[in-house]
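Below is one structure, written out as structure tokens, with a few remarks after it.
The values are calculated or read from the model by the stated rules, or taken from the named source; none is laboratory data. Given the structure is predicted, the values throughout are model-derived calculations rather than measurements. As a convention, Cβ positions derive from the backbone with ideal geometry for all residues, glycine included, and neighbour counts pool all protein chains shown.
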């Protein structure tokens with residue numbers, strides 16, 4: 001994975017990690033369930049943003065590279081990887 005936005009992605013993931021630790025503290029402190037659930041939703045949204053950026057990069061670099069290469073086997077491989085990823089997301 002070679003990406004120009006790697007520092008930004010790592011920054012987002014570090015924030016998510018901090019949010020998850022915060023949720024664990026909230027559970028330990030017996031905080032109100034709705035407050036904890038609100039934070040869980042925030043973590044899911046943050047991870048979704050990371051996922052979106054990774055997918056955008058994959059499409060713009062890996063898949064585009066396969067298309068531009070003209071290598072049909074590589075193109076098929078990248079399409080199959082993407083289909084498998086999307087299938088796993090719907091399970």
Seminar exercise, completed: Per the list (1) surrounded by 11 or more Cβ atoms within 10 Å (Cβ to Cβ); (2) assigned to a helix (DSSP H, G or I); (3) over 20 Å from the mean Cα position of the chain (by Cα), residue check on residue 31 breaks on (2)
Exercise. Which is loosely packed, with under 13 Cβ neighbours inside 10 Å, part of a helix (DSSP H, G or I) and at pLDDT 95 or above, of 46, 42, 24?
Worked result: 24
